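The structure appears below as structure tokens.
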Amino acid sequence: MGLVDGINTRVARSAFGRWFRLEGSGAKIERAGSKFSVELRAGLTTFVAMAYIISTNALILTDSGGTCDCDREQYGATCDGDPAYTSCLQGIKLDLVTATCAISCMACILMGALANLPIALAPGMGLNAYFAYTVVGYHGTGKVSYRNALAAVCIEGIIFFVLSVVGLRQWFARLIPASLKTATAAGIGIYLSFIGLQAAAGIGLITGSTATLVELGGCPPQYRDANNVCKSHHMQGGPTWLGILGLMLIGTMLLYRLKGAILIGIVVVAVISWPRPTSVTYFPYTPAGNEAFDFFKKVVTFHPIKNTLNEFHWDLSSGEIWIALITFLYVDILDCTGTMFSMAKFGGYMDERTQDFEGSSMAFLVDSASIAIGSVFGSSPVTAFIESGAGIAEGGRTGITTVVTGLMFFVALFFAPIFASFPPWATGPALITVGSMMMQNVTQINWRYIGDGLPAFITIIMIPFGYSIGYGLIAGIGSFIFINSTVFAIHKLSGGRVSPPNYADRDDWLGFVTRGGFKSNIPPWIMRLFGKKPISLSDTDTPTSRNSNELKEVSIAADHHAHNL
């Protein structure tokens, strides 16, 4: 037995291993294929894939102006000419870097320790842009103040928490048809790959186009205009080619099942990009490049939150604040639900019979609590991150993965200059690779029946093309309801005489929704609090379904063992 195998065995047999249900721990339900060393590597991979959020979230939220203000009659609506305002924004940016690391650390550790899931949480991309540019407005030019918007985020978290406690959020998640859950995973895979191909968070191979919306780009940054359109020098950008090389490197290492392939690829490309006098440097000799390099050279630094901590204004009299609150609610619940179920599907711990996954109740509670806590730090809503797929692809199966990611965010509080300096063309190849892996379950969609297949396809294409998981789910659910409600009504009104030829091939949607009853959605500890016996979804198992699940677990375990050889 080697050193690593020995450590894995000792950790698995400890109380720590039993808590996280590592393979060989003796826990009632073990996570097949889970090993302590693999979980550590997976957690680090997830963090590296998410590291861009540290600086990106801070930059986006700083554009809202934070708690800064100026004489707008003298300096204009955006206060761009006020030196004091500019200095204040710099402080807000550093506050938000700390806030992003702090809330991501807390949320990930809680998710891993309590829900035992390899799903990382952080301030959500898209939601932060909506917060900064639509609700508050650039430099506070919107109709809702930064402090008032934070109050709306806090209220959203509280509402989510209550919904999770009583089981409504879990029940809503089970309402989503099985084909749409699978389609969401595939759509997110394409979405991830699309992000990884762009310049903002990827290799820059795909850029904007005034004629066709997108086109093959690959030009150096100085040849892209404000709309991210390549004006010339297509496919001559060093960072793009370095990103392509990173993608090929990761793919080749994965082919040989080299452990840590994704992480190795990210680090190799990042290290190549750090020296300055090269065509692929992340720190060009520009004002922005000089500023980034000066921050990078600090290596170790810590900035306490000074201006965004507990900055609430509880004024809910404006109609705009209610619009923002409702938008936060429905977008976040669809985004988070879609991401969690997609990661559960990708990780292999989705119960196909119940369309639920172990730890879902606690996961929703942690997510909602993190939203409220994040608002205290001055952040936009926290949500589950699709980059968790990078860690799952590395073999992460338990909450240890997420705890490690959270601890890395704690380290980033002091080493933010390093972790905020991973270029997008280093993490882009990882997103593309994970996207390809998330497409593998698309064959499980019920393509035989158009009432399931078409809404699933609409979900798949609308997530990347609409650039939103929430909007993709809305499109899929809406089309599913319209098509199947129409067919159901005709079937009933005609006494069953007018039905699609393959009506029997449809998914048993009602079975997934009703099986186990509403009480099965309520967290077990809540049931015990009121002296009730917790109801497990497995309580309604038939012998056939139990045997099926056992065979599935054996199959998953065999796959994981083969992967780790």
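The values are calculated or read from the model by the stated rules, or taken from the named source; none is laboratory data. Values in this document were obtained by computation on a predicted structure and should not be read as measured data. Backbone-built Cβ (ideal geometry, glycine too); neighbour counts: all protein chains shown. For the accessible areas, the whole protein counts, side chains as well, though only heavy atoms, and no ligand, DNA or RNA atoms are used. Shrake-Rupley method; radii C 1.70, N 1.55, O 1.52, S 1.80 Å.
Observations, loosely collected:
- Test: residue in region 506-519 that is at pLDDT 70 or above and surrounded by fewer than 16 Cβ atoms within 10 Å (Cβ to Cβ): yes
- Residue check for residue 479: small (Gly, Ala, Ser), free of Cβ contacts under 8 Å to residues at least 60 places away in the same chain, open to solvent by 10 Å² or more (accessible area, probe 1.4 Å) and in contact with a helix residue (DSSP H, G or I) (Cβ under 6 Å, 6 or more places away or on another chain): yes
- In the condition set (1) open to solvent by 80 Å² or more (accessible area, probe 1.4 Å); (2) closer than 17 Å to residue 202 by Cα; (3) touching a Phe, Trp or Tyr at 6+ places or on another chain (Cβ under 8 Å), residue 245 is compliant with all but (3).
- Matching option when the condition is in a helix (DSSP H, G or I), aliphatic (A, V, I, L, M), touching a residue at least 60 places away in the same chain (Cβ under 8 Å) and open to solvent by 60 Å² or more (accessible area, probe 1.4 Å), among 59, 40: 40
- Region 265-286, subset of a type outside the set (A, V, I, L, M, F, W, C) and not in a loop (DSSP other than H, G, I, E, B), residue farthest from residue 40 (Cα to Cα): 273
So that you can scan it fast, the table gives a plain yes or no per residue for (1) more than 20 Å from residue 344 (Cβ to Cβ); (2) modelled with pLDDT under 90:
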| residue | (1), (2) |
| --- | --- |
| 19 | no, no |
| 28 | no, yes |
| 37 | yes, no |
| 40 | yes, no |
| 57 | yes, yes |
| 90 | yes, yes |
| 95 | yes, no |
| 107 | no, no |
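- From the options 201, 226, 211, residue that is in a loop (DSSP other than H, G, I, E, B), at pLDDT below 90 and open to solvent by less than 30 Å² (accessible area, probe 1.4 Å): 201
- Residue in region 68-81 that is part of a helix (DSSP H, G or I) and open to solvent by less than 10 Å² (accessible area, probe 1.4 Å) present: no
- Restricting 334, 309 to those that are surrounded by fewer than 23 Cβ atoms within 10 Å (Cβ to Cβ), within 21 Å of the chain's Cα centre (by Cα) and either in a helix (DSSP H, G or I) or at pLDDT 80 or above (or both) reduces the list to 334.
- Leading residue by the ranking (modelled with the lowest pLDDT) among those in region 413-433 that are assigned to a helix (DSSP H, G or I), among the hydrophobic types (A, V, I, L, M, F, W, C) and surrounded by fewer than 24 Cβ atoms within 10 Å (Cβ to Cβ): 419
- Subset of region 434-457 [in a helix (DSSP H, G or I) and surrounded by fewer than 23 Cβ atoms within 10 Å (Cβ to Cβ)]: 436, 437, 440, 441, 442, 443, 444, 450, 453, 454, 457
Condition check ((1) under 30 Å from residue 38 (Cβ atoms); (2) surrounded by 12 or more Cβ atoms within 10 Å (Cβ to Cβ); (3) of a type in the set (S, T, N, Q); (4) over 27 Å from the mean Cα position of the chain (by Cα)) across all residues:
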residue	(1), (2), (3), (4)
232	no, no, yes, yes
267	yes, yes, no, no
283	no, yes, no, yes
293	no, yes, no, yes
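- Members of region 353-393 that are farther than 21 Å from residue 102 by Cα and within 16 Å of the chain's Cα centre (by Cα): 360, 389, 390, 392, 393
- Any hit, region 91-110, residues being in contact (Cβ under 8 Å) with a residue 40 or more places away in the chain, farther than 30 Å from residue 342 by Cα, more than 16 Å from the chain's Cα centre (by Cα) and not in a helix (DSSP H, G or I): no
- Some residue of region 394-411 being touching a helix residue (DSSP H, G or I) at 6+ places or on another chain (Cβ under 8 Å), under 18 Å from residue 262 (Cα atoms), surrounded by fewer than 24 Cβ atoms within 10 Å (Cβ to Cβ) and modelled with pLDDT of 80 or more: yes
- Checking each residue in region 235-264 for being part of a helix (DSSP H, G or I) and of a type in the set (S, T, N, Q) picks out 240, 252.
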